[in-house]
Amino acid sequence: MAETQIRFEDGLSYERYMGDWSRRVGTIFIDWLALPSGLKWIDVGCGNGAFTELIVERCAPTEVRGIDPSEAQLDFARKRRAARLAKFGHGDAMTLPFPAGTFDVAVMALVIYFVPDPARGVAEMRRVVRPGGMVAAYAWDILGGGFALEPIRSELRAMGLKPIDPPSVDASRLEGMRDLWVGAGLEAVETREISVQRTFSTFEEFWDITVSGAPSLRPTLGAMSRDEVELLKTGVRARLPGDAAGRVTYGSRANAVKGRVPA
């Protein structure tokens with residue numbers, strides 16, 4: 001993995017920041033999958049359970065398993081309403097703790113670029129899905145400027161600073177995702193972009209929620225002086241002008257992929 005690891009250990013801060021963004025994308029993603037009810041799902045890299053809860057609420061599954069390496073995130077997930085059905089446990093995306101063919105659907109929500117070996121992660125998802133089942137994922141289009149953090153990342157670059165990328169950021173490209181799915185031997189592979197918007201009541205609300213919930217920013221902000229952070233905020237504020245009521249609205253974009261395990 002990269003020298004600077006991005007660790008998500010605060011379920012509540014993640015919920016306020018990325019959990020909200022993930023559900024906005026995830027709702028469109030689930031509709032695109034167009035799967036029937038009554039299936040067995042695995043959510044690989046479930047984090048605090050934000051997307052897992054969407055599965056429970058919208059897909060009428062018979063079983064849902066969520067796995068993640070962060071015990072703090074899993075603790076938050078186990079307190080969700082989804083936990084009435086979903087079971088959450090510690091696990092590694094590259095070594096899933098389930099026998100072959102256990103599930104009907106395997107998904108990764110905003111995770112694949114954190115997997116040190118994305119091809120191995122996709123191969124593991126395929127392994128645990130039955131023949132004819134689906135393997136799917138979505139990820140922020142980080143290299144294409146679609147990341148929810150892009151307003152801050154853009155200003156950091158303008159200041160001559162390099163934002164921290166996930167270790168496997170190339171896997172977020174639409175072409176990269178397609179190549180991973182085809183390379184894993186999946187069939188009927190399709191990709192698409194998913195665009196969403198979010199509104200914050202004020203710029204300060206945007207800043208507080210985003211900075212507290214984005215661990216990839218912490219090393220960079222921690223190395224900056226107070227004056228430099230204020231300069232950064234001023235630049236980001238200029239990129240995100242508020243409306244007459246002071247509300248800040250901007251859009252983000254994710255790439256999505258789906259494919260079937262050969263029957």
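Readers should treat all values here as calculations from the given coordinates under stated rules, not as data from a laboratory. Worth saying up front: this structure is predicted, and the values here are computed from it rather than measured. Virtual Cβ from ideal backbone geometry, glycine too; neighbours counted across all protein chains shown.
Note down, for segment 69-221, the three equivalent ellipsoid semi-axes (square root of 5 times each alpha carbon gyration tensor eigenvalue), biggest first, whole angstrom.
30, 20, 15
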With the 8 Å Cα cutoff and a minimum separation of six or more residues, the chain has a relative contact order in percent of 22
Interchain or sequence-distant (5+) residues whose placed amide H lies within less than 5 Å of the amide H of Phe88 are Gly66
Most exposed first, judged by fewest Cβ atoms within 10 angstrom, Thr220, Thr95, Thr191, Thr52 run Thr95, Thr191, Thr220, Thr52
Counting only DSSP beta bridges with both partners in the chain, the antiparallel fraction in percent, to the nearest 5, comes to 50
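Distances over 16 Å make up what percent of all Cα-Cα pairs in segment 70-132? Intermediate values should be presented prior to the final figure.
Working: 1031 of 1953 pairs.
In whole percent, the share of Cα-Cα pairs in segment 70-132 beyond 16 Å is 53.
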Full extension between Ala244 and Thr62 adds, at 0.36 nm per residue less the Cα distance, a length in nm of 60.8 nm
Expected vector for segment 228-235, Karplus 3J(HN,Hα) from phi with 6.51, -1.76, 1.60 and θ = phi - 60°, integer Hz, x for Gly and Pro, equals 5, 5, 5, 5, 4, 4, 4, x
Of all stretches in the chain that avoid GluC sites (Glu not before Pro) placed in a DSSP loop and having at most 16 other Cβ atoms within 10 Å, the longest is 10-263
For segment 97-112, in residue order, the Karplus 3J(HN,Hα) values (coefficients 6.51, -1.76, 1.60; θ = phi - 60°; whole Hz; Gly and Pro = x) are x, 9, x, 4, x, 6, 10, 8, 9, 10, 10, 10, 10, 6, 10, 4
For the pair Ser225 and His90, the simple spin-label estimate (label points 7 Å beyond Cα toward Cβ) gives in nm 4.3
Result: in the chain the number of Lys pairs with C-alpha under 29 Å apart, spaced 8 or more or on different chains, is 6
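Only Lys, Arg, Asp and Glu count, each charged at its Cβ (+1, +1, -1, -1), so figure out the dipole size of the chain about its Cα centre, rounded to 20 debye.
Details: 33 positive and 34 negative charges, 113 e Å.
Magnitude of the dipole: close to 540 debye.
Exactly which trypsin sites (Lys or Arg not before Pro) in segment 75-119 are in a DSSP loop and have at most 15 other Cβ atoms within 10 Å? Show your work: numbers first, answer last.
On the way: sites: Arg78, Lys79, Arg80, Arg81, Arg84, Lys87; in loops: Arg78, Lys79, Arg80.
Qualifying residues, ordered by number: Lys79.
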With +1 on the Cβ of every Lys and Arg and -1 on the Cβ of every Asp and Glu, the dipole magnitude of segment 131-233 about its Cα centre, in debye rounded to the nearest 20, is 120
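Compute the relative contact order of segment 127-263 as a whole-number percentage, counting only Cα pairs closer than 8 Å that sit 6 or more residues apart in sequence. It would help to have the intermediate numbers written out before the result.
Numbers: 195 pairs, mean separation 67.0, N = 137.
This gives 49 percent for segment 127-263.
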Phi-derived 3J(HN,Hα) across segment 49-62 with the Karplus relation (6.51, -1.76, 1.60, θ = phi - 60°), rounded Hz, x for Gly and Pro, is x, 4, 6, 4, 5, 4, 4, 5, 6, 10, 10, 6, x, 8
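Mean residue ellipticity at 222 nm from the helices of the chain, using -39,500 (n - 2.57) per DSSP H segment of n ≥ 4 over the full residue count, to the nearest 500 deg cm²/dmol? Walk me through the intermediate numbers first.
Working: 10 runs with 95 residues, N = 263.
It lands at -10500 deg cm²/dmol.
Just how large is the dipole of segment 134-179 about the Cα centre, in debye to the nearest 20, putting +1 at every Lys and Arg Cβ and -1 at every Asp and Glu Cβ?
On the way: 5 positive and 7 negative charges, 20 e Å.
Rounded to the nearest 20 debye, it is 100 debye.
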